[in-house]
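Here is the structure we will look at, set down as structure tokens.
The values are calculated or read from the model by the stated rules, or taken from the named source; none is laboratory data. On a predicted model such as this, the values are computed, not experimentally measured, just so you know. Here the Cβ is made from the backbone with ideal geometry for all residues, glycine too, and neighbour counts use every protein chain on show. Please note that ligands, DNA and RNA were not included when accessible areas were found on the heavy atoms of the full protein model with its side chains. Shrake-Rupley method; radii C 1.70, N 1.55, O 1.52, S 1.80 Å.
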Amino acid sequence: MAFELSQETLDTIDKVIPRYPQRQSALMMILHAIQKEQGYLSLEAQEWVAERLEIAPIKVREVVTFYPFYREKPVGKHYIRVCRTLSCALNGSYKICDRLCQELDTKPGEISPDGKATVEFAECLASCGTAPVVMVDDDMYENLTEDDIVELARRIREEEIK
Amino acid sequence: MATLHIDGKTYEADPSKNLLEAALSAGLDLPYFCWHPALGSVGACRQCAVRQYRDENDKNGQIVMACMVPVTDGARISIADPEATEFRSSVVEWLMTNHPHDCPVCDEGGECHLQDMTVMTGHCSRSFRFKKRTFENQYLGPFLNHEMNRCIQCYRCVRFYNDYAGGHDLGAFASHNHVYFGRHEEGVLESEFSGNLAEVCPTGVFTDKTLKGHYSRKWDMQSAPSICNHCSVGCNTIASSRYGAVRRILNRYHHDINGYFLCDRGRYGYEHGNHPDRPSRPRLRSTKQSGLEPETTEVLAAIGSFLNEARGIAAIGSPRASLESNYALQALAGREAFSIGIAEASSAVLDALVAALREAPGGPASVRDIEHSDAVFVLGEDPSNTAPRIALALRQSVRQVSIKHAAAHRIPRWHDRAVRDLAQGRKGPLHSAWPAQTRLDEISKSAFCESPNAIAKLGFAVAQCIGEDSSSSSSADSPLQKQAKAIAADLLEAEQPLVVTGTALESEAIIDAARAVVSALAKAGKSTVRLAGIAAEANSIGAHLLQGQALESIVAKVMNGECDTLIVAENDLYRRLPHATVDALLDKLSKLIVIDCIPSSLTRHADAFLPAATIAESDGSLINCEGRGQRFFQALSPKENLHATWDWVGRIQVECQRSDTNPWPDLDTILAKMAADCPELAGIREAAPGAGFRIHNQKIPRSPRRFSGRTSILAHESVHEPKPPEDKDAAMSFSMEGSALQPPAALVSHYWSPGWNSAQALNKFQEEVGGPNRGGPPGLRLFPGGQNGRPHGSPSTESAATPDQLLAIPLYQVFGSDELSNHSAAVRERSEPLAFSLSAKTADRLGLADGDSLSLRIGEQKLTATVRLDPVMSENLIGIPVGLSDTPVTYLPLPAQANVCE
């Protein structure tokens, strides 16, 4: 099979499986490990996991598609989630997303031409008090205005954010 | 019974049901999506909201989901409550936010549950002004079309496909308004019950792909009650037609047989009648060279002279032909010269099965009985491939234990999710004995994969264990005895044990063993024990009751010169006898007359050929594997030169001057004569109302009340509307004229009720929702059970096979082993090429790997195919799929010894 993982990820997977009374319970941890290495979960990756856990590939894909934090397509260097649930939506998250895309010259869900970012909507990021919010990889940016967005986009373009 | 107050009126309701079921059973209209009578409730769609009050003083009440609330005595609910009404209307409104406005191009339009429910709730304008979410659709194989944009996330599809039918390849992906139902990647839906999704889906996500190939709206089709003739279960169907061709098959509810579901072979096999090579004109060999097409009268006259000049006439009918057709042939040739067209060995096995069914306590088990059994022993059958609807029922039988367990915790049966969660996958005992892997193995407690003789031995051992009540195992037991004891213990412990057997392995011993198990259980005090039998073809049992000769004796009559003219109807002799025997028979014959509806190897040799009408084009009766006589009716008046076999035979009788007028002018005449001649078949007349039946002096219309069929299709011939064909055989008209009242269940041609245009209108055709058909389930059971006739058998001795010999056993394919459905393009696409199944050990010994080619000699015949490894098959067995149309050898007398050719 063309699908390959680094030894480090394979070791993590080997360590995770025995933690659970049933093999298939390790599914989500394994998916996280693979996504960490590859940036997304290809169909080949999912089939590999299914074989590893002795379950049908459809069971893996049901999980992968259910959780927004698993991705089936490659993303840019930075993965940006714009919250669009009620508080953020009322406070302008659609505008924020439009502006962010404009600044990064991309469209929601696509990798920007310079490969530096992918912008996507996300459901509630659990920070309604500081709406609107955006998550860049694992960091939260709160109380955003359009100026903040222009600045955020600049920092991503100029690689000030690692 | 509980008393239920709905909007101030009082109704009687069954306390084991929920409020939705009670309201629908009371004839009230309450919209729903996710609930399905066979699948139960999950409370997902919030569509069936009603207001429930605590007591008569409670003025406020609360909104509840009717499908999730049990009926309690004295319960008070309101469907008409304004808030509940508004609630239901807003449910449709939010479902509609993503549902496209494509009804005019949607195949479901006009028979769509979503349309009906939208109208019923009163929702008529929407305020959603954003983009609708869209999906990419998947290719799902030749049976179903996928259009996910229309989905309203009721989850019925996965609940049917996975939970009910045991499928593995349809899933629910993603979350909130992106939920997607499909496969993990494009491809054929594997389950043989996938076609039911077209009826289970409340809107147009899954639609019938074969219908799409020649689409017509529901209201433009003429329909009639029909019976599926692709296996022996006899599921009830509705065949719909337009412009002289069958367009689709729908499920016709039969409380005791198919319930709500059909298998894909039954749903899509109908297109054998639309096969491009279907012979549709009478032919004569003598005029073949000239290239002229003879007139029907010419062919009939020729046949008349063949018969008049004959030294002796013999007739061969068929277990796939109707009772009437077989009987007409028998009447023409006489009892001594008539065969139902199966070989002596098969006939003996069928005789054993019929004897077993006659003897079965309480009569043979219906599919519904099978569903309600709590311990099952399948002896020498592979129901998933030979009688799929029974396999679907067996999948429900293993759930009985969890339903009882839930009942003990006061969880009602309809509370589907709760019952399943409580069961945690626990299954009741299903023991299966079949030489190869089956699709039921995954739900079986044990699978015994040995030779037919060993299977019979296991059956007799189980019977003995039950008789001796020695369920405690000892260390001295052989593995077979241990297994027999385990099976006996499960059967003895059950409240309603069931034994399923059949003719698939062509073994009398297996059927005798099944009888022995049933009678041992009955003796041990299990009076509720049932026996289900599976026969080879749609009318195997019915044809057998006519007591014809074995095929070999007809061959002998021809070979010794007693007969020189043979009529064969709906039977390809090359599938029944060795090729050499048939070739010799044809050489010896002076004239061969063939009547059939499909192109077969035999039709090429016919001196005269008459094209038979298919089941959807003719009237007649079949007897299913439960011994139930059932009637089917014409869904369309066939083209000018097509007639039912019995009708052709009647016309032949006139031609050869045996009769002044056609002895079988209509169905009722032949039924009456047959009843007089064969007392056992007398009951068949009661299977459905005769042609004289009327409701208020009116016939039953085949067209729905919204039929718009006045089209200009024939305008180039005449601008006048042609007179609809007359039907002398049935109490049904080929038009929309007739009684608007509900006919008896045997004559229901389509499901419709005001406000209910989809198949869900069926609720109005039942005595209570999910209950018996109004006026009782159609058909008549001919075997009351308990008739003792046949001596008890014993296991036959194993013939010692030399190590380099293999025992070839017949295997079956749901798509491929049935002759008729093989001529249906969609079913044919699903059939797999010929492959030999054998164990890895045997393959190793022969130096073969998966996918290698292997040649076998069985008797005189040589057969080559690829090898497929079967993980459970025992050594020295080799499985050969039978009935496939693409093989050079269409007949093999299996089981038989096979030798490997170098």
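Rounded to the nearest 20 debye, the dipole magnitude of the protein assembly as shown is 1740 debye, with +1 charges on Lys and Arg beta carbons, -1 on Asp and Glu beta carbons, and the Cα centre as origin.
Between the helical axis of A:146-157 and the dominant principal axis of chain A, each derived from Cα atoms, what acute angle in degrees is found, rounded to the nearest 10? Tilt relative to chain A: about 50 degrees. Please give the helix A:43-53 orientation as an angle from the longest Cα principal axis of chain A, in degrees from 0 to 90, rounded to the nearest 10. Value to nearest ten degrees: 40. Model label sites at B:Leu422 and B:Val188, defined 7 Å from Cα along the beta-carbon direction, differ in position by 4.0 nm. Taking the range A:10-39 and a reference point 7 angstrom along Cα→Cβ of B:His168, the backbone N atoms nearer than 16 Å belong to A:24.
Computed with a 1.4 Å probe on the full set of protein chains, the accessible area for A:Val75 sits at about 40 Å². Counting only Cβ charges, +1 for Lys and Arg and -1 for Asp and Glu, the dipole size of the range B:2-96 around its Cα centre is about 160 debye. The residues of the range A:42-89 listed by number as losing at least 40 Å² of accessible area in the complex, against the isolated chain and with a 1.4 Å probe, are A:Ile58, A:Arg61, A:Glu62, A:Thr65, A:Phe66.
For A:Val133, the accessible area of its heavy atoms, probed at 1.4 Å with every protein chain present, is near 0 square angstrom. Per residue, the range A:78-157 exposes an accessible area of 49 Å² to a 1.4 Å probe, with every protein chain left in place.
Keeping the other protein chains in place, figure out the carbon and sulfur percent of the accessible area of the protein assembly as shown, with a 1.4 Å probe. Please report the intermediate quantities before stating the final value.
Working: 21130 of 42720 Å².
C and S fraction of accessible area: 49 percent.
Pairs of alpha carbons in the protein assembly as shown separated by more than 59 Å make up 17% of all such pairs. Per residue, chain B exposes 37 Å² of solvent-accessible protein surface, assessed with a 1.4 angstrom probe and all protein chains in place. Residue by residue, the range A:111-121 carries 3J(HN,Hα) couplings of 7, 5, x, 7, x, 8, 8, 10, 9, 9, 6 Hz when phi is fed to the Karplus relation 6.51 cos²θ - 1.76 cosθ + 1.60 (θ = phi - 60°); x denotes Gly or Pro.
Do any of A:Lys59/B:Lys427; B:Lys699/B:Lys723; A:Lys36/A:Lys73 go past 18 Å between their Cα atoms, and which? Walk me through the numbers before you get to the answer.
Numbers: A:Lys59/B:Lys427 21 Å; B:Lys699/B:Lys723 16 Å; A:Lys36/A:Lys73 13 Å.
Over 18 Å Cα-Cα: A:Lys59/B:Lys427.
Evaluated at q = 0.09, 0.11 Å⁻¹, a Debye calculation over the C-alpha positions of chain B (equal weights, vacuum) places log10 I(q)/I(0) at -0.97, -1.42. With everything on Cα atoms, drop me the angle between helix A:57-66 and the longest principal axis of chain A, reported from 0 to 90° to the nearest 10. Once rounded, the angle reads 20 degrees. Along its three principal directions, the equivalent ellipsoid of the range B:479-589 from the Cα gyration tensor extends over semi-axes of 42, 15, 11 Å, largest first. Using Cβ point charges alone (K and R +1, D and E -1), the dipole size of the range B:805-900 about the Cα centre works out to roughly 160 debye. In chain A, if the dipole is taken from +1 on Lys/Arg beta carbons and -1 on Asp/Glu beta carbons about the Cα centre, which of A:Ser93, A:His32, A:Val75 is farthest to the positive end? About the Cα centre, the residue reaching furthest to the positive side is A:His32. Projecting the Cα atoms of B:Pro663, B:His605, B:Ser618 onto the charge dipole of the range B:604-708, computed from C-beta unit charges around the Cα centre, puts B:Ser618 farthest toward the positive end. Rounded to the nearest whole angstrom, the semi-axes of the ellipsoid equivalent to the range B:319-430, taken from the Cα gyration tensor as √(5λ), stand at 42, 13, 12, largest first.
Listed as lacking a disulfide-compatible partner in chain A: A:Cys97, A:Cys101, A:Cys124, A:Cys128, by the criterion of no other cysteine Cβ under 4.7 Å. Contact order for chain B, expressed relative to its length and based on alpha carbon pairs under 8 Å spaced 6+ residues apart, stands at 15 percent.
Within the P(r) computed for the range B:799-889, what percentage of the Cα pairs occupies the region above 17 Å?
Numbers: 2057 of 4095 pairs.
Cα-Cα pairs of the range B:799-889 separated by over 17 Å account for 50 percent.
What relative contact order, as a whole-number percentage, does the range B:740-897 give when Cα pairs under 8 Å and 6 or more residues apart are counted? Don't skip to the end; give the middle numbers.
Working: 213 pairs, mean separation 36.4, N = 158.
Worked out over the range B:740-897, it gives 23 percent.
Computed with a 1.4 Å probe over protein heavy atoms only, the accessible area of B:Cys157 comes to about 10 Å².
Which value, in square angstrom to the nearest 100, describes the accessible area buried between chains B and A on both sides, using a 1.4 angstrom probe?
Details: alone 34260 and 9410 Å², together 42720 Å².
Adding both sides of the contact gives about 900 Å².
Mean separation of Cα pairs under 8 Å and 6 or more residues apart, divided by the residue count, gives the range A:1-44 a relative contact order of 38 percent. Interface burial in the range B:152-183, defined as at least 50 Å² less accessible area with all protein chains than with the chain alone at a 1.4 Å probe, covers B:Phe173, B:Ala174. What the pair-distance distribution of the range B:347-535 shows, using all Cα-Cα distances binned every 5 Å from zero, is 1, 9, 18, 21, 21, 15, 8, 5, 2, 0, 0 percent.
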